[in-house]
Amino acid sequence: MKYEEWSKISRIASKKSLWILHFCTGCGAIEMPPVMTSRFDMERFGMAPMATPRQADVLLITGYLTVKTLKRVIQVYEQMQDPKYVVAFGSCPINGGMYWDSYNTINQLDKYLPVDLYLAGCMPRPEGIINAMMELMEMIEKGEARGWEKYRKNYEKYKKNQEMAFKFGKVEE
Amino acid sequence: MKMKEYELFIGPQHPGITGNMMYHLWVDGDTVVKAECNVGYLHRGFEKLMESRTWMQNIPLVCRICVPDPDVNEMAYSMAVERLMGWREEVPERARYIRTVVLELSRIAAYLMGIGSYAGALGIYTLPQWALGDRDYIMDIFEQLTGARIYHIYIWPGGVRWDMPADLPKLIEKTMKYLEKRLKLYDDVFFKNRIFFDRAVDIGVIPKEKAIEWGVTGPNLRASGHEYDVRRLEPYAAYENIDFDVIHYPELGKFDVLSSGGDAYTRMLVRRLEIEQSISIIRQALKKMPSGEHLLKHPNWFKWEVPPGIAYERVESSKGEYGYMVVSDGGKKPVRVHVRGPSYTHGINVAETILKGANIADVSQILFSLDICPPDIER
Amino acid sequence: MKAKEIIGRGEEVHGRLYVKVEKQEVRELIKTLKENKFQHFVMLSCIDWIDDGEFELVYHLWSYEYREHVMISTRIKREGEEMESLHDLFPQIETYEREIKEMYGVNFIGNERLTPFFLEGWPHMPPMRKDFDSKKFIKDVFESIPPVEDEDEGI
Amino acid sequence: MVTVVSGLINVLIIAIYATVAMMIGILFMGIGRKIVARVHNRVGPPIYQGFIDIAKLILKKTNITHGWIYDLALLFSITGIVLTILFLPIGGVKLLSTEGDAFLVLYLLAIPALGFALGAGASGNPNSAIGVMRALVMMLSYELPFVISMVALMIYYDTTSIAEIVASQYGKWAILIPPFAISAAVADMALQGMLMEAPFDIPIAPHEIASGPMAEFGGKHLGSLMIYKAGTIVAYTTLFVDLFLGGGVVMKGGIVADVVNFIVWFILIFLVFTLSLLINTSFPRFRIEQAFKFYWKYEAVLAIIALVWVYWMVIS
Amino acid sequence: MSVIKPLKAWKHLLKRPHTIRYPYQEHVDMEGKRLPTEVLRGFHSNDLEKCIGCKMCGMICMNDAISYEEIPELEVEKGKKIRPIIDYGRCCYCGLCTEVCPTGSLKLTPNFKLIDVDREKFRFMPTQLNVKRDDYMVDENAILFSPEEYKEKVKGNK
């Protein structure tokens, strides 16, 4: 069994059983319960909410991120085990959304975490979330979801950006 | 032999926490000795943003504060602006009834989510699946009425944005009948369940005499025995000519009173019975709804100046008393908008006092029974 | 207005009793109101009147029996004036004071829990004050952080 | 030479025996999630979801370990479970069941739980420390009624070998005899505790202590933990079926009888597992001291009543 | 306070679950009406001929989501040649721009499906998309209601 077949099987296996971390980081988390429960039931795709980062594969950034949450999100992201994926919901992670001029929210999630997939909608609908998950599955199967490798390679750059955000820019200002 | 106290973080990433906040517990064996709340994970500085937006631009911003129950914000903000503009009596009658229907539908959706997550904290995963699945039918109603599932941007100062379509009352009536049938099943499976009684009675008690002083409002206050409801104390929308009774501690309808009140058991039953009240309110409102205009004429949105003054309006949300203080100096933008989220007192002072002496297993149950919504606290 | 008889002064603004008092009388007023059935402390707000150079602290009280709302408002200087803490009357005042200390920089004497509340490690001036320009803050803090490009795109 | 070959064949049979049992366990996890989903009024995952989950976990790239105790503890529990399965006759096929293995199985019940606790303890997460304490208290509480009901069985059939009990139940299942109906109910509640299904899933409560001992397990460790869970499903339901439902022995005779017995055994453990799952869907979770009181007060009394009744029947 | 009553939950085993198998089955509400309805506030659609480039929508939008771009080859009798470009990394789908648009050319369509890896794809100029319900929706002839037309439709049945 050459390496390609083996990694293909592991990709198909991880595609069919994506475990999502139970962490509502922003206001988009209100559209997760309908997807997780009986009306849309994401478990038929093998997806299940997991309590701890160790067991999770997918980290959902549902909406805006304040600096305080960003610290916890990065801790949780680093605890998750590779291969891990980040999906960003709504307009806030793309370019700041409605809180673009708020002093406490970060505008572009891309500067701090490698994002595998963006999803439009100021609070995407459950159908949108399921579309995004199906898209993520196809990307995993084709091997394009390489966010975690990007994080490993540019680790110092990400860390520098995160530090600047945590200190709210230059301290002496 | 005093066990070494160790600290436990019910952190922002934890299924047993309602939303995005953190409790720092000092634990001795199995009981909590001291609890400290750490919030601020969802602080977007709403009030700072509102000061840099005109009166009409604030409406889409305002409804994003409390996520499970968004219409309450739009209503309170719109009432405050109407009060300042002097439109309080001129709001069309039909708009008042549509607002009542929207608020009650939003309350049922928030209660279903509250009951579902509480039952999940107790360990029965059937009820969250049912409750949140049935909540989705109400989201379908909102989508056809307002054009969006969660953030409706539908209640404007002076009325409602669009009129209610003709075929919607039929759909609302059908959904209400469906919900009533489902509520009977919830009672059999959870509310009359022996283990719910074992786990929830006399847990996290808010004593009746201390409840008002701690600033407890809403279902938690009514569960402690006070018969106070903002819809009855300061009627708004169309609540004067709709009769509903305020559920509070001693009268729990068909459920037997098993505790001294103010505990998690009574709080959940008050929420459960208020769903039935909301269903009957919606039916009466739909029956009595007159025809007519649904929105007052707005001045030009770019040059809209609200006369100076300070106004405070309160609305009964599913979490408690939701208040908006709006201060205007006659300019195009509000000088100050201060939001009184009901979970401000429930989440910090009340939770820290009643978590003392609780068992670790009951910490998440108490927090869910208080139905704390963290964006209320830090806006 | 029943509250007007109890206090004796204040004018009715939009259906609420609005009372302007000096800084020292606030504790006295709230205590009398608390005895006469105004037991529900609604909230404590702080309004920044930057042109008059003052903060306005508004204490909101509500009585369930009379169904009336009283706003007790005092004015304190924007720079360096302190207010005494009233958290012994109502426990939740302590949290409101924490928030106002962090957002406006008003120091409350006697409140020992004025630790940072919402913002962790905030080095700049309190953000809710009107002279804090958040758009400029965004430009030089968040915009100046460079995006992370990948040197070799296709791996 | 012959003994070596037959020895090897024996080892091969035992290996197949254990893997088949594990595969059935993983299949049951998939079917179980489907049944629970149906009660939740939703569709639920495909039947083979258990296999996919374990495959995904084992093929994870990184693997975070907290020292060698943390790694070996899992092997400790998997061997314990496989050993328990080997000592239990499946469908009448008696593998290692000898005299006095009833007590051995009781002892083997404790090993996997200890291995599980060892691993969780080594992971250093406060949540899993609490979870370990709860798991041990749970084990202590459901052992007592289960042991009493087993003693009642042993007195009635005056043997200590499970294979004997299965054989002597050929015509008449033990559950049909009045006193054993009570001890079967007691054993079923204890089974609920062993499988960690609600209302006794206190150690792995996600809402209270972030899935307790399993908080730190991820990747390959979690995969082996799921195999251990699949093993427990088969082992404990087989134990219950062997003791009270005649171990699925319906026909005697050659290969055809073995196949029929195997099918009957499969159906019986499926029914017992489904019953425990359905109880799981309709009850919230006990607190740990309530569960302890439930087992030691109500269950133990019932078990003693059945024991006394059996003893009186045996004397007269 | 009973132990037998909760077992009533088991009768769901015989019933068909009310889950919507979404990508393979339409999202339908209780009365069989297909969702999302025409009223849903999704992506914009702008009739480039009717639009006069008056920048009113840009002024009302508090998220600065709308910027403008010159289209030289547009022949237009009155108004400027600039057309709005909407950045869906800022837009909150509130619809205030459609309420303010004097000529009524800017409308909100029920289309919501936009998923991509690259951030830039979320910023585009909404043209008069003959909004084909995206491929997950079966119904091709999407009736396109703007809030004003919707009001007429509703006013009819007062």
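The values are calculated or read from the model by the stated rules, or taken from the named source; none is laboratory data. Note that the coordinates shown come from a computational prediction; the quantities given were computed from them, not determined experimentally. Note: ideal-geometry Cβ built from the backbone for every residue, glycine included; neighbour counts use all protein chains shown.
Structure notes:
- Helices (runs of 4 or more DSSP H) wholly inside segment D:239-316 that include at least 2 residues being aliphatic (A, V, I, L, M) and away from chain B (no Cβ under 14 Å): D:255-282, D:300-315
- Qualifying residue in segment B:139-152 (condition: of a type in the set (A, V, I, L, M, F, W, C) and more than 30 Å from D:Val39 (Cβ to Cβ)): yes
- Residues being more than 17 Å from D:Ile81 (Cα to Cα) and buried (at least 18 other Cβ atoms within 10 Å of the Cβ) - total across segment D:103-137: 13
Conditions (1) among the basic types (Lys, Arg); (2) surrounded by fewer than 22 Cβ atoms within 10 Å (Cβ to Cβ); (3) part of a loop (DSSP other than H, G, I, E, B); (4) touching a Leu at 6+ places or on another chain (Cβ under 7 Å), marked per residue:
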position	(1), (2), (3), (4)
B:His14	no, no, yes, no
B:Ile17	no, no, yes, yes
B:Asn20	no, no, yes, yes
B:Trp26	no, yes, no, no
B:Ser52	no, yes, yes, no
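- Selected residue (only one of B:Ala110, B:Ala119, B:Ala131 is part of a helix (DSSP H, G or I), of a type in the set (A, V, I, L, M, F, W, C) and in contact with an Asp or Glu (Cβ under 6 Å, 6 or more places away or on another chain)): B:Ala110
- Some residue of segment D:233-249 being surrounded by fewer than 24 Cβ atoms within 10 Å (Cβ to Cβ), among the small types (Gly, Ala, Ser), touching a helix residue (DSSP H, G or I) at 6+ places or on another chain (Cβ under 7 Å) and modelled with pLDDT of 90 or more: no
- Only one entry in B:Val350, B:Val306 is out of contact with any Lys or Arg (no Cβ under 8 Å at 6 or more places or on another chain), surrounded by 22 or more Cβ atoms within 10 Å (Cβ to Cβ) and within 30 Å of B:Arg94 (Cβ to Cβ), namely B:Val306.
- Looking at segment A:33-134, the strands (runs of 3 or more DSSP E) lying wholly inside it that each contain 2 or more residues that are facing another protein chain (nearest Cβ under 7 Å) and crowded, with 24+ Cβ neighbours inside 10 Å sit at A:117-119.
- Residues considered: C:Glu79, C:Glu12, C:Glu28, C:Glu97. Of these, the only one that is closer than 23 Å to B:Glu51 by Cβ, more than 9 Å from every other protein chain (Cβ to nearest Cβ) and either touching a helix residue (DSSP H, G or I) at 6+ places or on another chain (Cβ under 8 Å) or not in a loop (DSSP other than H, G, I, E, B) (or both) is C:Glu97.
- The set of residues from segment B:166-194 being in contact (Cβ under 8 Å) with a residue 60 or more places away in the chain, of a type in the set (A, V, I, L, M) and within 19 Å of B:Pro128 (Cβ to Cβ) comprises B:Leu179, B:Leu183, B:Val189.
- Per the listing D:Ile35, D:Ile26, the residue uniquely crowded, with 18+ Cβ neighbours inside 10 Å, touching a residue at least 60 places away in the same chain (Cβ under 8 Å), touching a helix residue (DSSP H, G or I) at 6+ places or on another chain (Cβ under 6 Å) and more than 26 Å from D:Thr79 (Cα to Cα) is D:Ile35.
- One residue stands out in segment A:13-32 among those that are assigned to a loop (DSSP other than H, G, I, E, B) and facing another protein chain (nearest Cβ under 7 Å): the one that is surrounded by the fewest Cβ atoms within 10 Å (Cβ to Cβ), namely A:Ser17.
- Where E:Asn130 falls short, out of the listed (1) under 22 Å from E:Ile60 (Cβ atoms); (2) at pLDDT below 90: (1)
- One residue alone among A:Lys71, A:Lys84 is touching a residue at least 12 places away in the same chain (Cβ under 8 Å) and over 27 Å from A:Gly143 (Cβ atoms), and that residue is A:Lys71.
- Matching residues, segment B:168-178, being away from chain A (no Cβ under 14 Å) and touching an Asp or Glu at 6+ places or on another chain (Cβ under 8 Å): B:Lys170, B:Leu171, B:Lys174
- Flag: B:Ile124 matches the condition of being farther than 28 Å from B:Ser280 by Cα, surrounded by 23 or more Cβ atoms within 10 Å (Cβ to Cβ) and either within 14 Å of chain D (Cβ to nearest Cβ) or not acidic (Asp, Glu) (or both).
- Selection status of B:Arg149, within 9 Å of chain E (Cβ to nearest Cβ), without any contact (Cβ under 8 Å) to a residue 24 or more places away in the chain and of a type outside the set (A, V, I, L, M): yes
- When B:Val335, B:Val326 are checked against the criterion of being touching a residue at least 60 places away in the same chain (Cβ under 8 Å), out of contact with any Cys (no Cβ under 7 Å at 6 or more places or on another chain) and either more than 20 Å from C:Glu56 (Cα to Cα) or surrounded by fewer than 24 Cβ atoms within 10 Å (Cβ to Cβ) (or both), B:Val335 stands alone in meeting it.
- Of the residues making up segment B:85-117, those that are touching a residue at least 40 places away in the same chain (Cβ under 8 Å) and touching a Pro at 6+ places or on another chain (Cβ under 6 Å) are B:Glu93, B:Arg94, B:Ala110, B:Met113.
Rundown of residues vs (1) more than 9 Å from chain A (Cβ to nearest Cβ); (2) in a loop (DSSP other than H, G, I, E, B); (3) in contact with a Cys (Cβ under 6 Å, 6 or more places away or on another chain), yes/no style:
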| residue | (1), (2), (3) |
| --- | --- |
| E:Pro17 | no, yes, no |
| E:Glu38 | yes, yes, no |
| E:Glu73 | yes, yes, no |
| E:Cys92 | no, yes, yes |
| E:Pro110 | yes, yes, no |
| E:Lys113 | no, yes, no |
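- Any hit, segment C:119-129, residues being within 14 Å of chain A (Cβ to nearest Cβ), under 17 Å from B:Tyr344 (Cα atoms), in a loop (DSSP other than H, G, I, E, B) and without any contact (Cβ under 8 Å) to a residue 24 or more places away in the chain: yes
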